[in-house]
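The numbers here are math on the coordinates, done by the rules we state, and not lab data. Because the structure is predicted, anything quoted here is derived from the model rather than measured. Here Cβ is always computed from backbone atoms with ideal geometry, including for glycine, and neighbour counts include all displayed protein chains.
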2 protein chains.
Amino acid sequence: MINAIIIVSGGMDSVTLLHYLIKKKQMTPALLTFVYNQKHKKEIVYAKEQASLLKCTNHLVLDLSLLKPLFSSSSLVSSHIQVPGMTEVTGDPQPSTYVPNRNMIFLSLAVAYAENFGVSDIYYGAQKHDEYGYWDTTSDFLELLNHVYGLNRKIKVQVKAPFINYSKTDILKLGISLGVDYSKTWSCYNGESLACGVCPTCAERLKAFFNSGIKDPLPYKNEKNSPHPLIQ
Amino acid sequence: MINAIIIVSGGMDSVTLLHYLIKKKQMTPALLTFVYNQKHKKEIVYAKEQASLLKCTNHLVLDLSLLKPLFSSSSLVSSHIQVPGMTEVTGDPQPSTYVPNRNMIFLSLAVAYAENFGVSDIYYGAQKHDEYGYWDTTSDFLELLNHVYGLNRKIKVQVKAPFINYSKTDILKLGISLGVDYSKTWSCYNGESLACGVCPTCAERLKAFFNSGIKDPLPYKNEKNSPHPLIQ
């Protein structure tokens, strides 16, 4: 019996959250994954693989490619805008990697799905580090959003983000303890055959692996030239 | 130059709002209309006609038919659930005509569209009467939702509903004064060739026309048998 909805992108955070809910919390979630013209749509393959590994039969992949006109200002979607490196986004409170209102859209859809199942808990993989550039991953966002959903008169769905105060390193350590296979996750915004190693999410991911003393199982471009000690 | 986004369904309220923004407020809005497997999808024809009459060249009609699994509990979408009459929904704070989280989804998409245009005002046709069954048309909803959007770090989009304290009669009177052709709007949830005259939105619409002393130009089923004095 489905008792929660979880948004799973196929990245480290949401995949770890999925393992956490199933293995630690004994939940039976329905999974939602979104296609939205992201350059890194290969993440979806991993979302599907993880669902399959965990025997989650209830996995809805929604193809929202038609939303392209809404997201054209984002470097995660537009072919005309290059994905910036981590150093280029530092200090920008809303860099080009921000996808306009994406999290609200995805969470709104997840809430409708929850109402459909008659369940009141939705989970997504917001984590502490993303606060630097994304207003829609913060504790304030979560609190105010849940005030809105508290107005529903039958199913007061609430959005939960258990990792919202976790660093990516905390998430990785938890995931390792839960046996997550990180070779079956994808982060790099560029979505090429090898991870770039320099975009904001690669930088975050590599730092988490470095801090945890583990080598990232994903292959990176220019491993030999990388300044990062663990991928030299 | 686009300076606002408006959600136009093709119903009385949003069509009147569109005329109001253009004729009274001299705005140049971009229009958004949604297809979501609603039984009354003929409303979309009228949304397009009104856009054309008002020379709004920027009108995006998004086909969200793929969201059917999210909305299956609603009588506006599911072929297995009959649209109730007005008398059947009275006293139910969230009747079967409620589409799970639809307004949040549509507004979330409108916000992304606004961010894309770099504009901060979104309009939708919420009105006072719908408060009876729809939490997502109330002043509280609007206020709390705008708190969430106040967190955006670049474009603090705000959702506006100028008719939120208007009755449908107020809206109709305003629309008549603005020259709105209500034969080119659609309300009935059943979406058949003739309006049913008994579903909640027909009842509201007929009452507004009755209160205004005007005959609704739309054809209704069983006009001869109708208890309503103006459609007898």
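Numbers below:
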item	result
Conditions (1) buried (at least 21 other Cβ atoms within 10 Å of the Cβ); (2) assigned to a helix (DSSP H, G or I): number failed by B:GLU49	(1)
Residues satisfying the stated conditions in segment B:82-112, i.e. polar (S, T, N, Q), more than 9 Å from chain A (Cβ to nearest Cβ) and more than 14 Å from the chain's Cα centre (by Cα)	B:GLN82, B:THR87, B:THR90, B:SER96
Looking only at segment A:66-81, and only at residues there that are under 18 Å from the mean Cα position of the chain (by Cα) and within 11 Å of another protein chain (Cβ to nearest Cβ), the one that is surrounded by the fewest Cβ atoms within 10 Å (Cβ to Cβ)	A:VAL77
Criterion violated by B:LYS39 - all others in (1) in contact with a Leu (Cβ under 9 Å, 6 or more places away or on another chain); (2) farther than 23 Å from B:PRO84 by Cβ satisfied	(2)
Filter result for the condition that a residue is assigned to a loop (DSSP other than H, G, I, E, B), in contact with a helix residue (DSSP H, G or I) (Cβ under 8 Å, 6 or more places away or on another chain) and over 14 Å from A:TRP135 (Cα atoms), over B:ILE155, B:ILE164	B:ILE164
Residue tally, condition more than 26 Å from B:VAL83 (Cβ to Cβ), surrounded by fewer than 24 Cβ atoms within 10 Å (Cβ to Cβ) and facing chain A (nearest Cβ under 10 Å), over segment B:113-133	3
Single unsatisfied condition, B:LEU109 versus (1) in a helix (DSSP H, G or I); (2) surrounded by fewer than 24 Cβ atoms within 10 Å (Cβ to Cβ)	(2)
Count of residues meeting criterion [within 11 Å of another protein chain (Cβ to nearest Cβ) and small (Gly, Ala, Ser)] in segment B:134-162	2
Search result, residues across segment A:113-154 that are over 13 Å from the mean Cα position of the chain (by Cα) and among the hydrophobic types (A, V, I, L, M, F, W, C)	A:ALA114, A:PHE117, A:VAL119, A:ILE122, A:TRP135, A:PHE141, A:LEU142, A:LEU144, A:LEU145, A:VAL148, A:LEU151
